[in-house]
Structures are given as C-alpha cells and as structure tokens.
Amino acid sequence: MMRQNFQIPKKIGCKMAMDVVPGSLGTSVGCSLRLGQTLFSCAFLLFMSLGVEFYSNTALCYLVVTIMGLVIPWSLTLAMVDGYYILVKCPVRQPGVLVIIAAGDWVLSVLTLAAECSTASVVGLLFHSDSSSQSLVTTLLVIL
C-alpha cells in the first residue's frame with residue numbers, strides 16, 4: 001500500500017499559509033467594496049427621496065426606504081468588521097460567520113433587486129400614462 005503525504009498548512013501568527021481571495025472578509029479590497037456599497041446605497045436613497053413624484057406612491061416609497069434602510073447598516077457594519085480584521089491582520093476563516101454573511105448578502109441583494117425592479121416598473125408606467133385613468137389602464141395592459 002502506498003501512503004500519501006498530506007500537507008497541513010502551517011500557521012504563521014494568525015494567518016494561515018494559503019492564498020487570500022481579494023474582496024473576501026478581512027481584506028482591504030473587501031473593506032473598500034463594503035464602503036462603496038454603503039456610499040452608493042446612501043446616494044440611491046438620497047436621489048430617490050429628492051424626486052418630486054417619489055412620495056406620491058407610498059407603497060413604492062416604503063419599499064425602497066425599507067430595503068435601503070436595511071442595506072446601509074448591513075454594509076456599514078461589515079465594513080467596520082473588515083476594518084477590525086485588517087487592523088488585527090487576521091482574515092476570517094470561520095465557516096459559520098461566512099455562511100451568515102453570505103446569506104445576509106443574498107437576501108439583501110434579492111430584496112434590492114425587487115425594490116429597483118418595482119421602482120423601474122412604476123416609473124415606466126407613470127412615464128407612459130396620461131392624466132386620465134382610462135389611458136393608465138390601457139398603458140398597464142400594454143406593458144404587461
């Protein structure tokens with residue numbers, strides 16, 4: 001029987017001797033991506049709230065504000081966690097933490113996509129309709 005030699009990565013301080021994926025939790029690229037996500041979410045919320053017709057559609061307004069109100073603290077918290085792990089110089093390798101972050105990112109990305117699709121559909125509906133309700137129903141049927 002042949003015996004295989006398995007190599008166990010050596011532990012150097014807090015870092016393991018393996019490749020670090022750029023953009024993962026605990027890297028400077030990941031921190032900059034999270035800060036960018038926070039910045040663009042704040043800009044999206046600011047530009048949507050400056051719109052004159054935005055507050056007339058209350059369901060749309062609450063949907064967008066609620067979703068961005070979840071995305072901004074989530075991204076800012078993960079940017080702070082990234083900053084902590086950069087200062088400690090110890091990338092996160094715990095599977096439970098990574099699963100929670102991946103699930104949170106997935107849920108918030110689906111909710112953000114839904115909010116932006118509904119925003120685009122309402123804007124398209126209002127853009128193509130006149131002031132009369134009959135043309136609004138006709139436009140809605142044409143779009144669907």
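The values are calculated or read from the model by the stated rules, or taken from the named source; none is laboratory data. It should be emphasised that the depicted structure is a prediction, and the values quoted were computed from it without experimental measurement. Reconstructed Cβ throughout: ideal geometry from the backbone, glycine too, with neighbour counts over all protein chains shown.
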(message) Return the pair list, or none, for Cβ contacts closer than 9 Å from residues in segment 21-46 that are on the phi > 0 side of the Ramachandran plot to residues that are outside any helix (DSSP H, G or I) and basic (Lys, Arg), at least 6 apart or on different chains.
(response) 26/89; 26/93
(request) Could you grab the pairs with beta carbons closer than 7 Å, sequence gap of 6+ or different chains, first residue in segment 97-120 and within 21 Å of residue 62 (Cα to Cα), second one at pLDDT 90 or above? (result) 104/74; 108/74
(message) Residues that are at pLDDT 80 or above and within 30 Å of residue 25 (Cα to Cα), at least 3 per element: which helices (runs of 4 or more DSSP H) completely within segment 56-144 meet that?
(response) 58-88, 95-128
(request) State all residues of segment 78-96 that are without any contact (Cβ under 8 Å) to a residue 12 or more places away in the chain and out of contact with any helix residue (DSSP H, G or I) (no Cβ under 9 Å at 6 or more places or on another chain); if no residue qualifies, say none. (result) 84, 87, 94, 95, 96
